[in-house]
């Protein structure tokens, strides 16, 4: 199960990502927003991060204009490793080396084709463990 949320700047891209996840057969929870009316990104990022940190969902996706605000908000939660990705290689490394369990997409800086490539990479790649586990274990104090 995947939780997803965005602010108004990410609404259009979020709708396309939801279509992609549905095509992939992935169950999801949509935490909003549900229009392009101005909103505050932390509300949606915190909702998605709670779903992941509390175990209701295994992964989360958050979207805003730059991805910075939603990533900063999500990473305030225990057990969250939210990575900002604007190309698929970053998503692969975030999963393989950092065991990222949340993905932040910058809606104003990527097109939908790139976003779909990032989604594919995020869901196709597994955490490598090994030497990376030691480092990931040091992220949370």
> Efficiency by 1/(1 + (r/R0)^6): what FRET value for residue 12 and residue 96, r their Cβ-Cβ distance, R0 = 25 Å, to the nearest 0.05?
Replying inline: 0.30
> Roughly what angle does helix 41-53 make with the longest principal axis of the chain, taking Cα atoms, 0 to 90 degrees, to the nearest 10?
Replying inline: 40
> So what does the Cα-only Debye profile of the chain read at q = 0.12, 0.20, 0.22 Å⁻¹, as log10 I(q)/I(0), no solvent term?
Replying inline: -0.40, -1.17, -1.42
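Which value in deg cm²/dmol, rounded to the nearest 500, describes the helix-derived mean residue ellipticity at 222 nm for the chain, given -39,500 (n - 2.57) per DSSP H run of n ≥ 4 and division by the residue count?
One gets -13500 deg cm²/dmol as the mean residue ellipticity at 222 nm.
Going by C-beta contacts inside 10 Å, put 41, 34 in order with the fewest on the left. Intermediate results must be reported in sequence, preceding the final value.
Numbers: 41 26, 34 12.
Starting with the residue having the fewest Cβ neighbours, the order is 34, 41.
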>> Quick check: the angle from helix 11-23's long axis to the longest principal axis of the chain, C-alpha only, nearest 10 degrees?
In response: 60
> Sorted by packing (mean other beta-carbon atoms within 10 Å per residue), highest first, where do 129-140, 83-94, 108-119, 6-17 land?
Replying inline: 6-17, 83-94, 108-119, 129-140
> Quick one: which of 18-25, 73-80 comes out on top by average Cβ neighbours within 10 Å, and what's the full order, highest first?
Replying inline: 73-80, 18-25
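Could you work out the relative contact order of segment 2-137, using alpha carbon pairs under 8 angstrom and six or more residues apart, expressed as a whole percent?
Details: 278 pairs, mean separation 33.3, N = 136.
With pairs under 8 Å counted, the relative contact order is 24 percent.
Could you give the length gained on full extension between residue 26 and residue 140, defined as 0.36 nm per residue of separation minus the Cα-Cα distance, in nm? All intermediate terms of the calculation are to be shown ahead of the outcome.
Working: separation 114, 0.36 × 114 = 41.04 nm, distance 2.86 nm.
Gain in length upon complete extension: 38.2 nm.
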> Using a basic spin-label model with each label point 7 Å from the Cα along Cα→Cβ, how many nm lie between residue 34 and residue 54?
Replying inline: 2.0
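Where a number appears in this text, it was derived from the coordinates with a stated rule and is not lab data. No experiment lies behind these values; they were computed from the predicted model shown. We place every Cβ from the backbone using ideal geometry, glycine too, and count neighbours over all the protein chains shown.
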